[in-house]
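Below is one structure; the comments refer to it alone.
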Amino acid sequence: MPAYVRKTTIEEEFGARRFPGNTISCNRCNLNLADPAVNESGTVYVLYTDKAHLKANRPYEVYCEDCLTSGFPKAKIF
């Protein structure tokens with residue numbers, strides 16, 4: 001079963017709900033996606049395990065683009 005991914009930005013997905021130290025970590029490489037020096041575009045990929053979780057907006061994890069393409073090459077991006 002393929003995973004589903006929503007491409008979004010830090011502000012759209014998290015807004016003020018950030019972790020201590022203003023960090024949003026990639027689940028695979030631990031890159032701080034909230035740091036503008038590291039992630040200039042602010043783009044994040046929110047992974048859902050199936051279509052039901054996507055419809056209910058219950059994400060599994062957050063990934064950077066490199067980790068998403070290498071870890072989930074068959075994921076369907078929305």
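Report the label-to-label distance for Asn27 and Thr49 in nanometres (one decimal), using points 7 Å from each Cα along the Cα→Cβ vector.
Spacing of the two 7 Å Cα→Cβ label points: 0.9 nm.
So if R0 is 25 Å, what FRET efficiency would Glu11 and Asp66 give, r being the distance between their Cβ atoms, rounded to the nearest 0.05?
Between Glu11 and Asp66 the formula returns 0.75.
Going by amide H atoms built from the backbone, whose H comes under 5 Å of the H on Ala34, apart from near neighbours?
Ile24
Stretch Lys76-Asn57 to full length: gain in nm at 0.36 nm per residue minus the Cα-Cα span?
So the extension gain works out to 5.3 nm.
Rg over Rh of segment 4-77, using C-alpha atoms and the Kirkwood radius, what does it come to?
Details: Rg = 11.8 Å, Rh = 12.4 Å.
So for segment 4-77, dividing Rg by the Kirkwood Rh gives 0.95.
Let me have the relative contact order for the chain, percent, based on Cα pairs under 8 Å that are six or more residues apart. Show your work: numbers first, answer last.
Details: 122 pairs, mean separation 32.3, N = 78.
After rounding, I find 41 percent.
Given the -39500 (n - 2.57) contribution per DSSP H run of 4+ residues, what per-residue ellipticity at 222 nm results for the chain, rounded to the nearest 500 deg cm²/dmol?
Rounded to the nearest 500, the figure is -4000 deg cm²/dmol.
Just how large is the dipole of segment 4-77 about the Cα centre, in debye to the nearest 20, putting +1 at every Lys and Arg Cβ and -1 at every Asp and Glu Cβ?
Details: 10 positive and 9 negative charges, 89 e Å.
In debye, rounded to 20, segment 4-77 gives about 420.
Laboratory data are not the source of any read-out in this text; all were calculated from the coordinates shown. Predicted, not measured: the structure shown is a model, and the values here were computed from it. For neighbour counting, all protein chains shown are included, and Cβ atoms are generated from backbone atoms with ideal geometry for every residue, glycine included.
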